[in-house]
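Everything below concerns the one structure shown next.
The values are calculated or read from the model by the stated rules, or taken from the named source; none is laboratory data. Only a predicted model underlies this, so the values are computations on that prediction, with no experimental measurement involved. Quick reminder, even Gly has a Cβ in these numbers, built from the backbone with ideal geometry, and neighbours come from all protein chains shown. Just so you know, the surface numbers come from the protein's heavy atoms only, side chains and all, with ligands and any DNA or RNA stripped out. Shrake-Rupley method; radii C 1.70, N 1.55, O 1.52, S 1.80 Å.
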Amino acid sequence: MFETTLAGSLPKPSWLATPNVLWAPWTLSGQPLFEAKDDATLLAIRRQEEAGIDIVSDGEQARQHFVHGFLAEVDGVDFDKKVRMGIRNNRYDADCPTVTAPLKRRRFVHEREARVARAATSRKLKFTLPGPMTLIDTLADGYYGDRVKMAFAFAELLNQEARDLEKLGVDVIQFDEPAFNVYLGETVEWGVPALEKAAEGLKCTTAVHICYGYGIEANIKWKEALGDSWRQYEQTFPALDRSKIQQVSLECRQSHVPPELMKLLKTKTVLVGAIDVASDKIETPEEVAETLKLATQFVDPERIQACTNCGMAPMTLGTAYGKLRALAEGSALARKAI
């Protein structure tokens with residue numbers, strides 16, 4: 001009950017990448033960069049263990065970005081042909097690579113960091129991948145001419161990657177789908193089916209992470225425009241509850257999500273976001289416990305895990321790991337109180 005985990009990314013050390021920013025440029029190149037990524041992965045896992053996290057991850061230390069880290073080894077994506085376009089329904093503009101040919105995975109994309117992470121810990125290991133809908137929302141389509149067709153093409157590649165990760169001993173494979181909070185009707189119509197295709201045949205635990213984004217300015221402004229009640233989950237949770245995905249990770253702490261929406265996840269393990277990633281203020285264990293206890297009003301405690309709202313890549317190392325310690329200590333407090 002109340003196992004602790006994190007949504008995905010962690011800050012990178014300054015000897016690996018420019019600190020406190022997304023899309024952080026690497027400080028090294030060639031073989032030294034590979035070795036530094038390995039070292040950062042090992043260090044991230046050790047720090048999570050020391051903080052008391054039960055289900056650890058590689059912290060996405062070997063990836064500049066959760067989407068483009070996967071795309072780097074996919075044929076059919078032209079990084080030299082970029083299009084300036086609005087993503088997340090025009091929440092912000094980005095220079096997006098273009099799909100120009102049939103999509104094909106060149107190799108097992110995340111093999112190296114997954115092997116390093118698996119060898120580094122005896123705890124349960126989570127590995128994150130971008131979901132199909134979020135992938136296509138971050139690309140210009142110069143080949144398929146159909147969003148759904150392109151999403152399912154990516155779902156096939158993601159399924160290949162997920163199966164390889166499972167063979168390496170990964171315990172939890174999580175697909176990140178922030179686009180699910182933006183394209184609500186499409187999520188129900190084809191986003192969840194594409195997600196199920198990405199997870200097809202897996203025997204390990206499967207999860208989907210749906211949040212309101214990193215604590216960056218564009219996301220903060222978008223949240224401010226959503227009003228006092230964020231009800232996006234109300235449309236997507238029923239479809240997810242009917243799906244074969246086993247866990248759903250959502251945003252709770254310092255959000256305007258009505259907590260009763262968690263009742264819509266009647267059969268899933270619910271990863272309750274008890275850590276705010278849009279603030280540098282480190283939660284107290286008591287605040288974490290309060291968030292978890294609130295969740296028990298709507299979800300059986302046995303189906304709750306304590307999690308972060310989203311990834312923490314833009315934060316300082318001290319803030320991020322301080323928040324993870326609070327998460328572990330708060331989870332212990334909540335466990336005693338039940």
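Here are the numbers:
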| item | result |
| --- | --- |
| The chain: calculated mean residue ellipticity at 222 nm from DSSP helix runs of at least 4, using -39500 (n - 2.57) | -11000 deg cm²/dmol |
| Fully extended contour minus Cα-Cα distance, from Ala72 to Glu111, at 0.36 nm per residue | 12.7 nm |
| Pairs of lysines in segment 28-138 (C-alpha under 22 Å apart; 8 or more residues apart or interchain) | 4 |
| FRET E, pair Ser229, Met1, Förster distance 35 Å, beta-carbon r, rounded to 0.05 | 0.75 |
| Of all DSSP beta bridges in the chain, antiparallel share, percent nearest 5 | 25 percent |
| Pairwise centroid distance, computed over Cα atoms, of segment 4-37 with segment 275-309, Å | 27 Å |
| Lone cysteines, the chain (no partner Cβ under 4.7 Å) | Cys96, Cys204, Cys252, Cys307 |
| Accessible area of the chain divided out per residue, in Å², using a probe of 1.4 angstrom | 40 Å² |
| Size of electric dipole in segment 104-194: Cβ of Lys, Arg +1 and of Asp, Glu -1, about Cα centre, debye, nearest 20 | 620 debye |
| Nitroxide proxy distance, nm - points 7 Å out along Cα→Cβ at Lys104 and Phe34 | 2.4 nm |
| Within a Gaussian network of the chain (alpha carbon springs, distance under 10 Å), most fluctuating of Gln31, Gln61, Gln48 | Gln31 |
| Contour minus Cα-Cα distance for Lys336 and Ala119 (0.36 nm per residue) | 74.9 nm |
| Total lysine pairs whose alpha carbons fall under 13 Å of each other in segment 181-338 (8 or more apart, or interchain) | 6 |
| Spin-label pair Lys281/Asp93, simplified geometry with 7 Å Cα→Cβ offset, distance in nm | 3.5 nm |
| Segment 192-268-segment 85-147 distance, computed between alpha-carbon centres (Å) | 18 Å |
| Charge context of Lys104, other residues only, Cβ under 14 angstrom, K/R +1, D/E -1 | -2 |
| Segment 180-230: radius of gyration over Cα atoms, expressed as a fraction of 2.2 N^0.38 Å | 1.46 |
| Label-point separation in nm, Ile216 to Gln160, each point 7 Å along Cα→Cβ | 2.8 nm |
| Debye, to nearest 20: dipole size of segment 155-199, +1 on Lys, Arg Cβ, -1 on Asp, Glu Cβ | 80 debye |
| Electrostatic dipole magnitude of the chain [Cβ: Lys, Arg +1; Asp, Glu -1; Cα centre; debye, to 20] | 420 debye |
| Share of carbon and sulfur in the accessible heavy-atom surface of the chain [1.4 Å probe, %] | 48 percent |
| Largest-first principal axis extents, alpha carbons of the chain, Å | 55, 45, 39 |
| Candidates Ala140, Ala179, Ala119, ranked by Gaussian network fluctuation over the chain, Cα under 10 Å, top entry | Ala119 |
| GNM flexibility winner over the chain from Val288, Val116, Val56 (Cα, springs under 10 Å) | Val116 |
| Alpha-carbon Debye profile of segment 44-144, log10 I(q)/I(0) at 0.13, 0.17, 0.20 Å⁻¹ | -0.57, -0.82, -0.98 |
